[in-house]
Each structure stands twice: as structure tokens, then as C-alpha cells.
Amino acid sequence: MPTHPHPFARLDPSRVVAAVESLGFWLPGEPFALNSYENRVYLVHDEDRRRWVVKFYRPERWTDARITEEHDFLAELAEAGIAVAPPWRNASGQSLHVEETFRFALFPHLPGQAPELENPAHLFALGELIGAVHAVGCQGRFVHRGHLTLDTMASEARERILGSDWLGRKQRGAYERITEALQRDLAPHVWSPAQTIRVQGDCHIGNMLGRDEHFALVDFDDCLMAPAVQDLWMLITAQRDDERQMQLSEVIEGYEQHLDFNRRELALMEPLRTLRLLRHSAWLVARWDDPAFPPAFPWLADAGYWDSHIRLLEQQHQVLAKNTYWVD
């Protein structure tokens, strides 16, 4: 058990208000906590009834340079007319601010609902949005943000789990065997830096908000250099081949309103899904000392979760053995 309180335990509503008001705003109401675990995110409104999202960055996760590079990318996208939420900047042009020991940023609130991934019009619109982001993303490169690498990230996730006490003896043996097999599966999937662009990095439907067929992309906290398909594969959720084909076709057609898509990258979809499965459990283990995690993910402490996780990894190994994603 941790011997010291987690830093976020000190982030009470009064500190949130004090942080925002230190920038020259006045908040007539209380902050409302939004659903976020990696960072702490709150909805506030100022005296002019403008709504803002204030994000407090997890201590010691990103350097200032990495966060600033995220903010600069958002400003670049907004300048190009793309629906994103660039951070507020003070008179000196600063977007990253500090209150006590907390680093934070203020973003305009973008209202909306998550898209429907069974709706062809929504899929086309999302593909078009991501294509617009990538058309800007390929015009420059990140210097401080990370690079997506399957082998390294999978190995780090594996070591995190095996270095913990969460697995029973039999589970540990099964986990070691299946993750070794998955690492062999992932090993052939490599790319050069020239095949990567600046991407949002975490394009799930919770980060896409809008109405009708107009969506915005939010939360660039995980932006990095990666193949373009990293921002597309999570939109393909159907189980039947004909439905998956429809989803792919709509997304790519929308994407190619702005930028050609290299269809050979579709072979990376299942390897990227595998990496996400591995990293999600490792992330939960790594963050368990954060007081927000045990009540939000209580099933992690159940041995049955790890049995199910291992079975899911075994199924993914079988999927990778016949990985033939393609569209004409």
C-alpha cells in the first residue's frame, strides 16, 4: 500500500477554482468533475457563462515540452479550421499553467454526443475529420512526443504485469506463454519513421463529440508519431465481414476527401488492437495507487478478470494468425 497520499488527493474543488481564477477568470459556481482517470478534468463556467474544461495533468507523466507540443499541434489544427479545442493562452502566449505543484490547461468546452458507429453518415464524417487532422499532421513532426512502436510498448506492458503481484501461479505461467506468442506475432509489424505522421493517438468514440454529421476531436493527451491507421482502427467495431467492410469503406472514403490512405496499413489493425489489450491491463496495474482507480475498476482485483484477460489474449493470438484485413 502507498505510504503517502496520491498527489491528486489534494486536488479539491477549492484548488480547482483557485487555479482557474489565477488566470484572471471568476468562477461563480463549483467545478464539475468529468469522467477522466489518467488526468483530472473538470467542467467550469465563468462570469460570462462561457464553459471551459480545465485539465490537470498527471504529475511526472509528461514533460512540459511534451505538453506544450500537444498544445501547439492543437493550435495548428484550429488555425486550419479543424474542429478541435485549442487551449486558452494568456497574454504571454502560455497555454500550460501552474498552481502550487499542479500543471493545468484550460480548453473551450465542446458540447455534443458520441457518434454512432453503425451509421454510415457518421463514419464518413469521422473519416473526413481524421483525414483533415492528418493532412495537417503530415506537414510537420513531433520532436518531444513519443513514437508508437509495437514491440517496445508490448514488452513494457508485459513486464509491468509480470513485475506485479496480480497473477496467481498458474495465471502467471499462462500469461507468460501467451504474451511471448503475441510478441512473436507483433515482431514482423514494423515501420520506418518516414511511415509515421502526427496523430491524435487515442481515437475512440469518447473523444469524438458532435451532432448530426458534424463532429469535433478532443483530448490529444496521447498524440504521438504513428502510422495513420492508429487513428482509424477503433472505428471498425462490427463482427460480420460485410458490416466491417461497410465501416471501412465509409471511413476511408471520408478520410480521402483530404488525404490518400495507404490500404496496406489495414494489416496493422489487429496488431494495434493487441497492443491496446496488453497496455490497458498494464495501465490499470500501474495506476492502482491512484485513489480514483480501485472504486472505478474493482474487478481488477478479481482473479476471474485475469482468467478472462488471458483467454482474450489467446483469442487475439488466433486472430493474428489469420490477419487478412484489406479493402479494394
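Of all residues in the stretch 55-114, count the ones that are among the aromatic types (Phe, Trp, Tyr) and closer than 23 Å to residue 205 by Cβ.
Total meeting the criteria: 2.
Could you tell me which numbered condition residue 124 fails, if it satisfies all but one of (1) surrounded by fewer than 19 Cβ atoms within 10 Å (Cβ to Cβ); (2) not assigned by TED's automatic domain parsing to the domain that holds residue 16?
Going through (1) surrounded by fewer than 19 Cβ atoms within 10 Å (Cβ to Cβ); (2) not assigned by TED's automatic domain parsing to the domain that holds residue 16 one by one, residue 124 breaks only (1).
Having 3 or more residues that are modelled with pLDDT of 95 or more and crowded, with 16+ Cβ neighbours inside 10 Å is the bar; report the helices (runs of 4 or more DSSP H) wholly within the stretch 240-311 that clear it. If you could, list the steps in order and put the result at the bottom.
Values: elements: 241-255, 269-286, 293-296.
In the stretch 240-311, 241-255, 269-286 are the helices (runs of 4 or more DSSP H) which contain 3 or more residues that are modelled with pLDDT of 95 or more and crowded, with 16+ Cβ neighbours inside 10 Å.
Residue under question is residue 92, and the condition is that it be of a type outside the set (D, E, K, R), surrounded by fewer than 13 Cβ atoms within 10 Å (Cβ to Cβ), assigned to a helix (DSSP H, G or I) and over 22 Å from the mean Cα position of the chain (by Cα); does it hold?
no
Out of 160, 172, report the one residue that is farther than 21 Å from residue 267 by Cα, in a helix (DSSP H, G or I), charged (D, E, K, R) and in contact (Cβ under 8 Å) with a residue 40 or more places away in the chain.
On the way: 172 fails: in contact (Cβ under 8 Å) with a residue 40 or more places away in the chain.
Selected residue: 160, the only one of 160, 172 that is farther than 21 Å from residue 267 by Cα, in a helix (DSSP H, G or I), charged (D, E, K, R) and in contact (Cβ under 8 Å) with a residue 40 or more places away in the chain.
Tell me which of these residue 101 doesn't satisfy, since it passes every other one: (1) over 30 Å from residue 243 (Cβ atoms); (2) without any contact (Cβ under 8 Å) to a residue 12 or more places away in the chain.
Here residue 101 meets the rest and fails (2).
Give 87, 108 a once-over and let me know the one that is surrounded by fewer than 18 Cβ atoms within 10 Å (Cβ to Cβ) and without any contact (Cβ under 8 Å) to a residue 60 or more places away in the chain. Let's see the steps before the verdict.
Values: 87 fails: surrounded by fewer than 18 Cβ atoms within 10 Å (Cβ to Cβ).
Exactly one of 87, 108 is surrounded by fewer than 18 Cβ atoms within 10 Å (Cβ to Cβ) and without any contact (Cβ under 8 Å) to a residue 60 or more places away in the chain, namely 108.
Mind checking whether some residue in the stretch 25-42 is in contact with a Ser or Thr (Cβ under 6 Å, 6 or more places away or on another chain), surrounded by 13 or more Cβ atoms within 10 Å (Cβ to Cβ) and at pLDDT 95 or above? Steps first, please.
We begin by selecting, within the stretch 25-42, every residue in contact with a Ser or Thr (Cβ under 6 Å, 6 or more places away or on another chain); these are none.
No; the residues of the stretch 25-42 include none that is in contact with a Ser or Thr (Cβ under 6 Å, 6 or more places away or on another chain), surrounded by 13 or more Cβ atoms within 10 Å (Cβ to Cβ) and at pLDDT 95 or above.
Among the residues of the stretch 179-225, count how many are surrounded by 18 or more Cβ atoms within 10 Å (Cβ to Cβ), assigned to a loop (DSSP other than H, G, I, E, B) and not charged (D, E, K, R).
So the count comes out to 8.
Just to be sure I understand the filter: pairs with C-beta atoms under 7 Å, separated by 6 or more residues or on different chains, first member in the stretch 201-214 and modelled with pLDDT of 95 or more, second member of a type in the set (Asp, Glu) and not in a loop (DSSP other than H, G, I, E, B). Which pairs pass?
203/231
For residue 281, all conditions in the list (1) out of contact with any Cys (no Cβ under 6 Å at 6 or more places or on another chain); (2) over 30 Å from residue 165 (Cβ atoms) hold save one; what is the number of the exception?
Among (1) out of contact with any Cys (no Cβ under 6 Å at 6 or more places or on another chain); (2) over 30 Å from residue 165 (Cβ atoms), the lone unmet condition for residue 281 is (2).
Taking the options 235, 278, 224, name whichever one is touching a Leu at 6+ places or on another chain (Cβ under 9 Å) and within 30 Å of residue 4 (Cα to Cα). Walk me through how you get there before you give the answer.
Working: 235 fails: within 30 Å of residue 4 (Cα to Cα); 224 fails: within 30 Å of residue 4 (Cα to Cα).
Exactly one residue qualifies, and that residue is 278.
If you check residue 52 against the conditions, is it in the same structural domain as residue 84 (by TED's automatic domain parsing), exposed (fewer than 12 other Cβ atoms within 10 Å of the Cβ) and out of contact with any Phe, Trp or Tyr (no Cβ under 6 Å at 6 or more places or on another chain)? I'd like the intermediate steps shown before the answer.
Values: in the same structural domain as residue 84 (by TED's automatic domain parsing): yes; exposed (fewer than 12 other Cβ atoms within 10 Å of the Cβ): no; out of contact with any Phe, Trp or Tyr (no Cβ under 6 Å at 6 or more places or on another chain): yes.
Spelling it out, it is not the case that residue 52 is in the same structural domain as residue 84 (by TED's automatic domain parsing), exposed (fewer than 12 other Cβ atoms within 10 Å of the Cβ) and out of contact with any Phe, Trp or Tyr (no Cβ under 6 Å at 6 or more places or on another chain).
With the requirement that a residue be under 16 Å from the mean Cα position of the chain (by Cα) and either aromatic (Phe, Trp, Tyr) or modelled with pLDDT of 95 or more (or both), what does the stretch 135-148 give you?
Those that are under 16 Å from the mean Cα position of the chain (by Cα) and either aromatic (Phe, Trp, Tyr) or modelled with pLDDT of 95 or more (or both): 145, 147, 148.
Against the definition (part of a loop (DSSP other than H, G, I, E, B) and assigned by TED's automatic domain parsing to the domain that holds residue 213), how does residue 144 come out, yes or no? First the steps, then the outcome.
On the way: part of a loop (DSSP other than H, G, I, E, B): yes; assigned by TED's automatic domain parsing to the domain that holds residue 213: yes.
Yes; evaluated as a whole, the condition is true for this residue.
Sort out which residues of the stretch 127-157 are hydrophobic (A, V, I, L, M, F, W, C) and under 22 Å from residue 271 (Cα atoms), and write them in order of number. So that I can check it myself, show each step before the final result.
Of all residues in the stretch 127-157, those hydrophobic (A, V, I, L, M, F, W, C) come to 129-130, 132-133, 135-136, 138, 142-143, 148, 150, 153-154, 157.
130, 148, 150, 153, 154, 157, listed by residue number.
Among the residues of the stretch 54-85, how many are assigned to a loop (DSSP other than H, G, I, E, B) and over 17 Å from the mean Cα position of the chain (by Cα)? Show your work before the answer.
Of the stretch 54-85, the ones assigned to a loop (DSSP other than H, G, I, E, B) are 57-63, 80-85.
Checking the rest, the ones that are also over 17 Å from the mean Cα position of the chain (by Cα) come to 59-60, 63, 80-83.
Count: 7.
The values are calculated or read from the model by the stated rules, or taken from the named source; none is laboratory data. Treat the numbers as computed from the prediction; the structure is a model and nothing was measured. Neighbour counts run over all protein chains shown; Cβ positions are idealised from the backbone, glycine included.
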